[in-house]
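Here's the structure we're looking at; comments come further down.
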Amino acid sequence: MPTPLSSRATPTTSACSAPPPASEPWRLLPPTPRPARTRRYLLLTINRGKLYRLSTVASNKRWSKREEMYKNVVLSFVPKGF
């Protein structure tokens, strides 16, 4: 019986650590902190039993010009009453 993923994960402190032992052929690494270059709105909605995903993305440079338009597009997919 496989063990849950969270119980097998071994946290590390560096991406340049020693190779994992043979009994553990993989290792989860912490994410590298990076400044966000893009902004996005992500929407999941269900209509007539189907799942729809809408994603809008813009660079930080263009976000100020497109934020209002993207917000209106995303909100047009939200069911009435929410």
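Values quoted throughout were computed directly from the atomic coordinates according to the rules given, and no laboratory measurement underlies them. Just so it is clear, the structure is predicted and the values come from calculations on it, not from any experiment. Glycine also receives a Cβ, built like all others from the backbone with ideal geometry; neighbour counts cover every protein chain displayed.
Points worth noting:
- For residue 36: the one exception among (1) part of a loop (DSSP other than H, G, I, E, B); (2) in contact with a Ser or Thr (Cβ under 8 Å, 6 or more places away or on another chain); (3) surrounded by fewer than 10 Cβ atoms within 10 Å (Cβ to Cβ); (4) of a type in the set (A, V, I, L, M, F, W, C): (2)
- Single unsatisfied condition, residue 58 versus (1) outside any strand (DSSP E or B); (2) in contact with a helix residue (DSSP H, G or I) (Cβ under 6 Å, 6 or more places away or on another chain); (3) not basic (Lys, Arg): (1)
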